[in-house]
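S.K.: This is the structure I want to talk about, given as structure tokens.
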Amino acid sequence: MEKDTKAFQRVYTKLFQLTKATVSLNARGIGNDELAIVDGRLSQVVKIMGDMVTLQIFGGTEGIATNAEVIFAGKAPTLKVGDDLAGRFFNAYGEPIEGGEIMGQEREIGGPSVNPVRRKQPSEFIPTGIAGIDLNNALVTGQKIPFFADPDQPYNQVMAMVALRAKADKIILAGMGLTRDDYLYFKNVFDNAGALDRIVGFINTTEDPPVERLLVPDMALSAAEYFAEEKKEKVLVLLTDMTLYSDALSIVSNRMDQIPSKDSMPGSLYSDLARLYEKAVQFPDGGSITIIAVTTLSGGDITHAVPDNTGYITEGQLFLRKDSDIGKVIVDPFRSLSRLKQLVIGKKTREDHPQVMNAAVRLYADAANAKTKQENGFDLTDYDERTLEFAKEYADKLLAIDVNIDTDAMLETAYGLFEKHFKPEEVGIKQDFVDKYWEKNSE
Amino acid sequence: MNTIGNVTGIVANLVIVETEGTTAQNEICYIKHRDTRLMAEVIKVVGNKSYIQVFESTRGLKVGTEVEFMGHMLEATLGPGILSKNFDGLQNDLNKMEGVFLKRGQYTEPLDMDKAFKFKAIAKKGDKVVAGSWLGEVKENWIRHKIMVPFKFSGEYTVKSMKGAGEYKPEETIAVLTDKDGKDHEVTMVQKWPVKVPIKSYKSKPRPFRIMETGIRVMDTLNPMAEGGTGFIPGPFGSGKTVLQHNLSKNAEADLVVVAACGERANEVVELFTEFPELEDPRSGRKLMERTTIIANTSNMPVAAREASVYTAMTIAEYYRAMGLKVLLLADSTSRWAQALREMSNRMEELPGPDGFPMDLSAIIANFYARAGFVYLPNDETGSITFIGTVSPAGGNLKEPVTESTKKVARAFYALSQQRADSKRYPAIDPIDSYSKYLEYTEIAEYLNENIAENWTDSVFKAKDILLRGKEAYEQINILGDDGVPLDYHIRYWKSELIDFVILQQDAFDKVDASTSLERQNYMLQKTLEIVDKSFSFDSFEHVGPYFKRLINALKQMNYSEYGSDQFKKNEKGLEKILKEQRPEKEKEEVKA
Ligand SMILES: Nc1ncnc2c1ncn2[C@@H]1O[C@H](COP(=O)(O)OP(=O)(O)O)[C@@H](O)[C@H]1O
Ligand SMILES: [Mg+2]
């Protein structure tokens, strides 16, 4: 961070309180949320009591002395936005990682929200080729949805794949606690796909101080707002990993002596996350911000405060897990959900899409019951046996993340499996659709 | 003279103001930040320090900034023109706001003061009136909006003069009332009311005695909602709370619907904005938006205004109830409101109650629910507020303060089950755990038996019993295995599945199935119970499921077709055919279920 002290900026050198994340000093005329530089490190005002100002130091307070130099910037954190951002990678402060300058207008990050009456209802289908997503959990522009996955799942790979197939004008990657390897992986895939000029990255790696992560999503979303609102572009924002972001929130709130809520997360976790995710929007004039995030789980536990609050905020979740029967990673149809799917399925896709989707999931649920029965050592009925066979093929041909076909082909595949294993009344879809589509596919 | 103070401390949206003058709990004040005024509410006073929660972002705010206290609490503006509007939690008209982004400090007039309404007097010179008495009426959309004696008036007044029929703007005087001291008071069509205070201009509040039809079978048939009753819908995320509430707002038999979108997703509100002006009210044929008012404080809007939003919504509902209307109030989600209280209480470093919520959470929730109800107005007309709130329990665990506090006060409990949602059995209301205390009210039972069918309640309890017995049978099958139990268990289980699939499950996104009239609910319940009453015989348990699935399929096809249509009858014939397959001679060796 440069230190071009301007004439009106006042410099202080007397800190009277230091904690792991904050410093306090006496200063006047300071605004809430204002930025300051403490001994060369970026910080932000989090509390003012009379003359006492408390600053949160993003990079941590290690080595800061009570006589450290404090310079107030007179403004909240900003990002320079412009077309110049495209194709480049930045640190948490919005500075180019490879060095150099950015031309553009300065925009406050974490700005106000869109008036709900100025939003448009999302209605544009985002095909990804992955049936676990398109068939069962179709995505729509303006949606916000995370992958729920244990840390050993290939969520970043799936996310990169989805991003490249999504036909977005811009892809904005916000990396929080990203391993260096994954950071380079993202760069590589985008480069190989010739998409680098559509990418903007804001990266905090595991090598950087964790509290810096708190700036990353706001930086990314401010850039997204620039492209979506001013340039009317379709912007896809990738937030990975929001669990690590939340960890940073809890570090700060614990150090500020706030009463922790469930799982030592701050009581304001819901609002903190909602403020970010709600930046997803469909503007009436074509621009949109779609957010795909990652929330890593611990042992698949979705009742932990981070996935739980996330689920209440986002428009569904895509749950990745390994299916041991087929040895592949699948998008779990039970625990996954796209809340906006009904805006497009059967409308932008074939009319029978919703019914086929539901029928297949129901049969898959029957298979799960049969499996429990089997595991408990009971005999299986003929129907049980058929659902189990169906489930295996369904997982392999439709749920696995390596599937890449269009939605019509997904529906045909589903009918293929229905006809192979069941009678129409066992599948239970509307007679009209049975008449129209069932026959067509039988051998 | 308004009290003036200065900012001395800032922690997020909690601001401490020092002042020499008087301030009051819940008093509204404005911070003069640069060229904007930020609205805030006093939430605690200690000595000369007032703690205020700011309804806006406090970014850039400095110590020393001037604060002006307004001498009144947060008030709703009540008058013709509320209907069909989209407000924020503080009743700002969202459509009047400039720009795509919400600018802080931008407050807009809730009503259209320049719009004239066609007025007709109801009261006449010399009439004795009290707060809430109807003085006249104007046409607002399709309703006859009553102009009432302001709720703030106390005691009896005499009408001194009334304006004649004509077109008037809301702020024009339409009547002059004389109080008992001989003082005259001018009354316009607009009045203000502090949202946290209940409007009590009614004569009495009896127990609810009739139901509010919702079109949702699992509610109407199994656990009916009373008109003027209270209910709540707890459920983990994704279990269908919002879809259920939207469905209620579309199909419930209410004159008027007030929707408070409280701390939830903006896109869900946009769905209402988009669809309601197009969709038709199934009963009146008018556009749904004509009977709906939306209060939106979505999760990205200022947290402090979230608490206000539910009160604003309730006040608007009370205002229309006082006109003799049947109002349905929906809040999604009351947990977000409780969380807003928690955030503030934590910031003030108050001693926390369970899970960090304020100690008086239960009382706050109870007082809020108590504002709903069926009432007799001063002129013996009736009005009602039926209130249904959703609850979003952390981790889906119902043993948490908001659910538990709500359970104590709400009379109907619609528990959404993760398991049912996972298996796409929508609406995922758990048939065993859920209840409606109203079913136990003799007034309601009589009403149901008179208006739906003789012995209706008997049928309902029978259906509930079959569901329970089916569940028990299912558990036994799971423990002992398919052939470890008598065949009878399978039949019993499948009979409960029949009720589950045909009565409980309902496709909210299908044009026909989304809403079911009481007449049709009766027809389908009798039809399914008839089947359930039959004895069936099977050679092996393996044949039970497939056979019942065919019955279910035929009945579901009936649900999907227009009631009484040719298609409906065709599907019914199909059903009869399947039923006839159970040959009568087999009945000798029948297995009684
Ligand atoms: N009655 C229903 N019929 C069909 N689908 C439903 C129904 N209720 C819920 N769903 C599905 O579940 C999703 C989540 O429902 P929602 O009401 O948003 O959950 P919640 O508010 O409890 O988080 C919806 O987007 C929809 O896909
Ligand atoms: Mg919801």
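The values are calculated or read from the model by the stated rules, or taken from the named source; none is laboratory data. Nothing here was measured: the structure is a model prediction, and the numbers come from that model. Don't worry about glycine lacking a Cβ; one is built from the backbone with ideal geometry, like all the others, and counts go over all protein chains shown. These area figures cover heavy atoms from the full protein model, side chains too; ligands, DNA and RNA do not enter into them. Shrake-Rupley method; radii C 1.70, N 1.55, O 1.52, S 1.80 Å.
S.K.: Take the residues in region A:59-88 that are among the β-branched types (Val, Ile, Thr) and closer than 24 Å to A:Gly177 by Cα, then tell me which one is farthest from the other protein chains (Cβ to nearest Cβ).
M.R.: It comes out as A:Ile64.
S.K.: Taking region B:356-366, which residues are part of a helix (DSSP H, G or I) and either over 17 Å from B:Pro194 (Cα atoms) or without any contact (Cβ under 8 Å) to a residue 12 or more places away in the chain (or both)?
M.R.: Hits for region B:356-366 are B:Gly356, B:Leu361, B:Ser362, B:Ala363, B:Ile365, B:Ala366.
S.K.: Also, I was wondering about something else. Filter region B:10-24 down to the residues that are away from every other protein chain (no Cβ under 11 Å) and touching a strand residue (DSSP E or B) at 6+ places or on another chain (Cβ under 6 Å), then identify the one that is nearest to A:Gly31 (Cα to Cα).
M.R.: The extreme case among them is B:Val17.
S.K.: Oh, and also: If you check A:Glu315, A:Glu278, which single one turns out to be closer than 23 Å to B:Glu56 by Cα and within 16 Å of ligand 2 (Cβ to nearest atom)?
M.R.: A:Glu278
S.K.: Still on this model: Would you pick out the residues in region B:69-105 that are over 15 Å from B:Val259 (Cα atoms) and in a strand (DSSP E or B)?
M.R.: B:Phe69, B:Met70, B:Gly71, B:His72, B:Met73, B:Glu75, B:Ala76, B:Thr77, B:Leu78, B:Phe101
S.K.: Just for strands (runs of 3 or more DSSP E) wholly inside region B:143-218: which have at least 1 residues that are among the charged types (D, E, K, R)?
M.R.: Those strands (runs of 3 or more DSSP E) span B:143-148, B:157-162, B:166-168, B:184-188, B:191-194.
S.K.: Scan region A:301-346 for residues that are at positive phi and within 16 Å of ligand 1 (Cβ to nearest atom) and jot them down.
M.R.: The answer is A:Gly316, A:Gly346.
Here is a yes/no grid of residues against (1) within 14 Å of chain B (Cβ to nearest Cβ); (2) free of Cβ contacts under 8 Å to residues at least 24 places away in the same chain:
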position	(1), (2)
A:Pro112	yes, yes
A:Arg118	yes, no
A:Pro122	yes, no
A:Asn137	yes, no
A:Ala149	no, no
A:Val158	no, no
A:Met161	no, no
A:Ile171	no, no
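S.K.: Where residues in region B:334-345 are within 16 Å of ligand 2 (Cβ to nearest atom) and within 8 Å of chain A (Cβ to nearest Cβ), which of them is surrounded by the fewest Cβ atoms within 10 Å (Cβ to Cβ)?
M.R.: Checking each candidate, the answer is B:Gln339.
S.K.: Looking only at region B:118-145, how many residues end up being among the aromatic types (Phe, Trp, Tyr) and either free of Cβ contacts under 8 Å to residues at least 24 places away in the same chain or touching a strand residue (DSSP E or B) at 6+ places or on another chain (Cβ under 7 Å) (or both)?
M.R.: Within region B:118-145, residues that are among the aromatic types (Phe, Trp, Tyr) and either free of Cβ contacts under 8 Å to residues at least 24 places away in the same chain or touching a strand residue (DSSP E or B) at 6+ places or on another chain (Cβ under 7 Å) (or both) number 2.
S.K.: With the requirement that a residue be within 27 Å of A:Asn192 (Cα to Cα) and either open to solvent by less than 30 Å² (accessible area, probe 1.4 Å) or aromatic (Phe, Trp, Tyr) (or both), what does region A:51-85 give you?
M.R.: Correct list: A:Val81, A:Gly82, A:Leu85.
S.K.: Could you tell me which of the residues B:Leu329, B:Leu361 is buried (at least 24 other Cβ atoms within 10 Å of the Cβ) and away from ligand 1 (no atom under 16 Å from the Cβ)?
M.R.: Of the residues listed, the single one that is buried (at least 24 other Cβ atoms within 10 Å of the Cβ) and away from ligand 1 (no atom under 16 Å from the Cβ) is B:Leu329.
S.K.: Taking the criterion of being aromatic (Phe, Trp, Tyr) and not assigned by TED's automatic domain parsing to the domain that holds A:Tyr312, would at least one residue in region A:353-371 satisfy it?
M.R.: Within region A:353-371, one or more residues are aromatic (Phe, Trp, Tyr) and not assigned by TED's automatic domain parsing to the domain that holds A:Tyr312.
Residues are listed down the side, and each one gets a yes or a no for (1) assigned by TED's automatic domain parsing to the domain that holds B:Met219; (2) out of contact with any Ser or Thr (no Cβ under 9 Å at 6 or more places or on another chain); (3) surrounded by 18 or more Cβ atoms within 10 Å (Cβ to Cβ); (4) modelled with pLDDT under 95:
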{"position": "B:Asp483", "(1), (2), (3), (4)": "no, no, no, yes"}
{"position": "B:Arg492", "(1), (2), (3), (4)": "no, yes, yes, no"}
{"position": "B:Phe501", "(1), (2), (3), (4)": "no, yes, yes, no"}
{"position": "B:Leu504", "(1), (2), (3), (4)": "no, no, yes, no"}
{"position": "B:Thr528", "(1), (2), (3), (4)": "no, yes, yes, no"}
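S.K.: So, one more: Going by the conditions given, is B:Leu279 within 14 Å of chain A (Cβ to nearest Cβ), more than 16 Å from ligand 2 (Cβ to nearest atom) and farther than 30 Å from B:Glu56 by Cβ?
M.R.: Here the answer is yes, as B:Leu279 does meet what is asked.
S.K.: Which condition does A:Ala305 not pass, out of (1) within 12 Å of chain B (Cβ to nearest Cβ); (2) of a type in the set (Gly, Ala, Ser); (3) in contact (Cβ under 8 Å) with a residue 60 or more places away in the chain, if it passes all the others?
M.R.: (3)
S.K.: Hey, among the residues in region B:364-395 that are touching a Ser or Thr at 6+ places or on another chain (Cβ under 8 Å) and open to solvent by 50 Å² or more (accessible area, probe 1.4 Å), which one's nearest to ligand 1 (Cβ to nearest atom)?
M.R.: B:Tyr376
S.K.: Where in region A:350-430 are the helices (runs of 4 or more DSSP H), entirely inside, with at least 1 residues that are of a type in the set (A, V, I, L, M) and more than 13 Å from every other protein chain (Cβ to nearest Cβ)?
M.R.: Output list reads A:382-394, A:407-421.
S.K.: Would you tally the residues in region B:321-333 being within 16 Å of ligand 2 (Cβ to nearest atom) and either more than 12 Å from chain A (Cβ to nearest Cβ) or of a type in the set (D, E, K, R) (or both)?
M.R.: Residues meeting the conditions: 3.
S.K.: Do the conditions hold for A:Asp332, that is, is it farther than 22 Å from B:Ala508 by Cβ and in the same structural domain as A:Thr290 (by TED's automatic domain parsing)?
M.R.: yes
S.K.: Scanning for something farther than 23 Å from B:Lys556 by Cα, open to solvent by 20 Å² or more (accessible area, probe 1.4 Å) and either more than 14 Å from chain A (Cβ to nearest Cβ) or not in a helix (DSSP H, G or I) (or both), does region B:414-425 turn up at least one residue?
M.R.: no
S.K.: Now a separate question. What residue, of B:Ile479, B:Ile429, B:Ile444, B:Ile452, is open to solvent by 40 Å² or more (accessible area, probe 1.4 Å) and hydrophobic (A, V, I, L, M, F, W, C)?
M.R.: B:Ile479
S.K.: Enumerate the pairs (first residue in region B:87-106 and at the interface with chain A (Cβ under 9 Å from one of its Cβ atoms); second residue anywhere and polar (S, T, N, Q) and part of a strand (DSSP E or B)) with beta-carbon separation below 7 Å, excluding pairs fewer than 6 apart on the same chain, so at least 6 apart or on different chains.
M.R.: Correct list of pairs: B:Asp88/B:Asn297; B:Leu94/B:Asn86; B:Asn95/B:Asn86; B:Arg104/B:Thr36.
S.K.: With a cut-off of at least 1 residues that are at pLDDT 95 or above and hydroxyl-bearing (Ser, Thr, Tyr), name the strands (runs of 3 or more DSSP E) lying wholly within region A:269-335.
M.R.: A:288-296
S.K.: Further, regarding this structure: Considering only region A:34-44, I want to know if a residue exists there that is in a loop (DSSP other than H, G, I, E, B), open to solvent by less than 30 Å² (accessible area, probe 1.4 Å) and either in contact with a helix residue (DSSP H, G or I) (Cβ under 6 Å, 6 or more places away or on another chain) or more than 9 Å from every other protein chain (Cβ to nearest Cβ) (or both).
M.R.: For region A:34-44, residues in a loop (DSSP other than H, G, I, E, B), open to solvent by less than 30 Å² (accessible area, probe 1.4 Å) and either in contact with a helix residue (DSSP H, G or I) (Cβ under 6 Å, 6 or more places away or on another chain) or more than 9 Å from every other protein chain (Cβ to nearest Cβ) (or both): absent.
S.K.: Looking only at region B:221-265, count how many residues are surrounded by fewer than 24 Cβ atoms within 10 Å (Cβ to Cβ), among the hydrophobic types (A, V, I, L, M, F, W, C) and within 16 Å of ligand 2 (Cβ to nearest atom).
M.R.: So the answer is 1.
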